[in-house]
Ligand SMILES: *[C@@H]1O[C@H](CO)[C@@H](O)[C@H](O)[C@H]1NC(C)=O
Ligand SMILES: *[C@@H]1O[C@H](CO)[C@@H](O)[C@H](O)[C@H]1NC(C)=O
Ligand SMILES: *[C@@H]1O[C@H](CO)[C@@H](O)[C@H](O)[C@H]1NC(C)=O
């Protein structure tokens, strides 16, 4: 969840030219590609089970408060039992390996990614890059992939998907020097796409994936032919001015049926303050929280699941079990946690907050306008909503905004069918646009 970065609005300067800093410490040949499989080895599993078994009992949460004080200690016991005794590590390892995976070395970092070819090999191939965020992972997209790569009679193209783990997440290397924020990651991922042979492609992203995808779109308009995002935001001063005007005259800036997604501003701001302490912490002291979570899977799980609960529905903290099991299975959520636990990526992923809010190039790129066709997908329980006129201050060619009446921040995981269908509509429009007006 990255949106607080919005506060760092860039001040109308030129688009910076970022360099190809060597962020990683792998001196092997740049561009080398190797096949990869996720491994849940016995030693890791035994250590994890031991830690889960020996966790110190938390003080009981008050009766009747559900998750309002944070993750509920009664619910925690059941989750621990599930992870330790019922989660089938070997079966899940196999399931998570069902799509082909590789690593590619870019700027000293080995970047892990899934690559799935379209079912129809004879049609023109369109490449779609899907970007996850925090506390998500590539796992969010697993149920969306089959629908995207399937053959459809109505289309004369077929889709191939590339889904990387962000640097410092999942099975991708973390930087070994400071400074790798969201915009710098956009450079790394673009270079990865170039190495893989993609000159033109479409980008989709939510959460940090939206930030990074937006940066790629802005910096590489000849390569990114379209940008689909389920967390559309414009961090321009004009967008914030429109938001302020709407405080007094909402009808001027937002459709009246949607004004309650932005206003009253005080109510929305208070909600953000209540639910996003994690952001402030990771943006200032990522190592401290990282040490705690790396040592204790119970603590790590509580922290992550609480963020997923709050990001899924605004009412969830007041719901039994934080509402989690209404939207996800335990297996899905533990799969997602395994993407952090297995390769010790809890601390390194947290650093993205620290680095991004300090990147001057980042805020400049984010506030710089782009003409690349953009498509917004807007769920009611997304953490922030901006109207098309606000978004157009950044995305000059906003082709469409799909407004959902159900759904939250982790849309690909929560509603894969609706998410996939909207991405397909957007891809069709981007291909049409590129055929007509593309470079
Ligand atoms: C940030 O932008 C400046 C100016 O374009 C550039 O010199 C610098 O190398 C950039 N920083 C990174 C990390 O790319
Ligand atoms: C691929 O698409 C072509 C053209 O529409 C069609 O003739 C062919 O049967 C399709 N192949 C597969 C494997 O679906
Ligand atoms: C915002 O408004 C809603 C609906 O009136 C209310 O339920 C909620 O408690 C308010 N949130 C805050 C943080 O004030």
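The values are calculated or read from the model by the stated rules, or taken from the named source; none is laboratory data. None of these values were measured; they are calculated from a predicted model. All Cβ positions, even for glycine, are placed from backbone atoms using ideal geometry, and neighbour counts span all protein chains on display.
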Problem - From the options 343, 381, residue that is part of a loop (DSSP other than H, G, I, E, B) and within 16 Å of ligand 3 (Cβ to nearest atom) - result: 381
Practice task
Can you confirm whether the range 147-160 contains a residue that is farther than 21 Å from residue 428 by Cβ and either within 16 Å of ligand 1 (Cβ to nearest atom) or not in a loop (DSSP other than H, G, I, E, B) (or both)?
Solution key: no
Practice task
Determine the pairs where a residue that is at pLDDT 95 or above, located within the range 33-48, has a partner that is part of a helix (DSSP H, G or I) and loosely packed, with under 11 Cβ neighbours inside 10 Å with Cβ atoms under 9 Å apart, the partner being 6 or more residues away or on another chain.
Solution key: 40/90; 45/90
Completion exercise
Within the range 31-73, residues crowded, with 16+ Cβ neighbours inside 10 Å, in contact with a strand residue (DSSP E or B) (Cβ under 8 Å, 6 or more places away or on another chain) and in a loop (DSSP other than H, G, I, E, B) come out as 38
Fill in the blank from the handout: Expected single match for at pLDDT 95 or above, buried (at least 22 other Cβ atoms within 10 Å of the Cβ) and within 16 Å of ligand 1 (Cβ to nearest atom) among 324, 352 is 352
Handout entry: Enumeration of residues in the range 32-48 that are over 25 Å from the mean Cα position of the chain (by Cα) and within 25 Å of residue 190 (Cβ to Cβ)
Key = 32
Problem - Long-range neighbours under 6 Å by Cβ, at least six apart or interchain, first residue modelled with pLDDT under 95 within the range 95-106, second not in a strand (DSSP E or B) - result: none
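Conditions (1) away from ligand 1 (no atom under 12 Å from the Cβ); (2) touching a helix residue (DSSP H, G or I) at 6+ places or on another chain (Cβ under 7 Å); (3) closer than 23 Å to residue 337 by Cα, marked per residue:
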{"residue": "166", "(1), (2), (3)": "yes, yes, yes"}
{"residue": "171", "(1), (2), (3)": "yes, no, yes"}
{"residue": "175", "(1), (2), (3)": "no, no, yes"}
{"residue": "181", "(1), (2), (3)": "no, yes, yes"}
{"residue": "186", "(1), (2), (3)": "no, yes, no"}
{"residue": "190", "(1), (2), (3)": "yes, yes, no"}
{"residue": "195", "(1), (2), (3)": "yes, no, no"}
{"residue": "198", "(1), (2), (3)": "yes, no, no"}
{"residue": "204", "(1), (2), (3)": "yes, yes, yes"}
Exercise for the section: Considering every residue within the range 428-436, establish whether at least one is touching a helix residue (DSSP H, G or I) at 6+ places or on another chain (Cβ under 9 Å) and surrounded by fewer than 21 Cβ atoms within 10 Å (Cβ to Cβ). Expected result: no
Exercise for the section: Filter the range 198-224 for residues that are touching a strand residue (DSSP E or B) at 6+ places or on another chain (Cβ under 7 Å), surrounded by fewer than 24 Cβ atoms within 10 Å (Cβ to Cβ) and not in a loop (DSSP other than H, G, I, E, B) and give the result. Expected result: 201
